[in-house]
Amino acid sequence: MFAIKNQHKQVTPLIREFISGDLDSIKEIELLSFDDPWTAKDFARIVFPKKQCSTIVAELCDTVVGYIIYEQRLRCIEIFNMAVAPHIRRRGIGRELVRSLQFTFGRTVPIHAITIDKNLEAQLFFRSMDFQAKKILHCFYADGRDAYKFIWRRSL
């Protein structure tokens, strides 16, 4: 599915709204990215009822290479899930996805993200995007694992 080479060169993806034809690519990226990936049922429950969540994708050469699933709440934007295809990481795609949310919503509300305590890569990524770790969520996951809550607020 993925045929993009030349790792570590920064790229500028097209950031756009999710369409149903993107789901297979998103599920593949999810499987390659997480030890405990979302199931098809999770995606059907969260992605398709658009009133609950929205999804944006990053596209290169007509191929979806990353995504963010988020919810617009009254007082914040909550990032529920985010991933970039492993072979194309560290080239600015995740940064462009988050910047899209910051540009669209950041003037009015903060952006929240929760990451499992063992995912150091995600923690460092959010810190590099000026998110601050604000809270440890003990036993946040069903299996008892902890999580960190990160918050980004636009600086004045």
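Listing for the model above:
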quantity: Complete set of residues in region 62-101 that are of a type in the set (A, V, I, L, M), over 13 Å from F131 (Cβ atoms) and in contact with a strand residue (DSSP E or B) (Cβ under 8 Å, 6 or more places away or on another chain); calculated: V64, V65, I68, I69, A83, V84, A85, I88, I93, L97
quantity: Only one of F48, F80, F43 that is assigned to a helix (DSSP H, G or I) and among the aromatic types (F, W, Y); calculated: F43
quantity: Any hit, region 102-111, residues being touching a strand residue (DSSP E or B) at 6+ places or on another chain (Cβ under 7 Å), closer than 23 Å to F150 by Cα and assigned to a helix (DSSP H, G or I); calculated: yes
quantity: Meets criteria (more than 13 Å from the chain's Cα centre (by Cα), closer than 26 Å to T12 by Cβ and assigned to a loop (DSSP other than H, G, I, E, B)) for D143; calculated: no
quantity: Residue satisfying condition, being touching a residue at least 40 places away in the same chain (Cβ under 8 Å) and either farther than 27 Å from R154 by Cβ or in contact with a Lys or Arg (Cβ under 7 Å, 6 or more places away or on another chain) (or both), within set L14, L60, L101; calculated: L60
quantity: Residue list for region 112-121, filter: surrounded by 15 or more Cβ atoms within 10 Å (Cβ to Cβ) and not in a loop (DSSP other than H, G, I, E, B); calculated: H112, A113, I114, T115, I116
quantity: Unmet criterion (only one of (1) in contact (Cβ under 8 Å) with a residue 40 or more places away in the chain; (2) of a type in the set (A, V, I, L, M, F, W, C); (3) more than 22 Å from Y148 (Cβ to Cβ)) for F48; calculated: (1)
quantity: Filtered residues of region 17-31 (kept if surrounded by fewer than 13 Cβ atoms within 10 Å (Cβ to Cβ) and in a helix (DSSP H, G or I)); calculated: S20, G21, D24, L31
quantity: Residue ID - surrounded by the most Cβ atoms within 10 Å (Cβ to Cβ), chosen from residues in region 62-108 that are touching a Cys at 6+ places or on another chain (Cβ under 7 Å) and more than 20 Å from D35 (Cβ to Cβ); calculated: Y70
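Computed from the coordinates by the stated procedures, all read-outs in this text should not be read as laboratory data. The structure presented is a predicted model; accordingly, all values stated were derived computationally and were not measured. Neighbour counts are summed over all protein chains in view; Cβ atoms, including those assigned to glycine, are modelled from backbone coordinates with ideal geometry.
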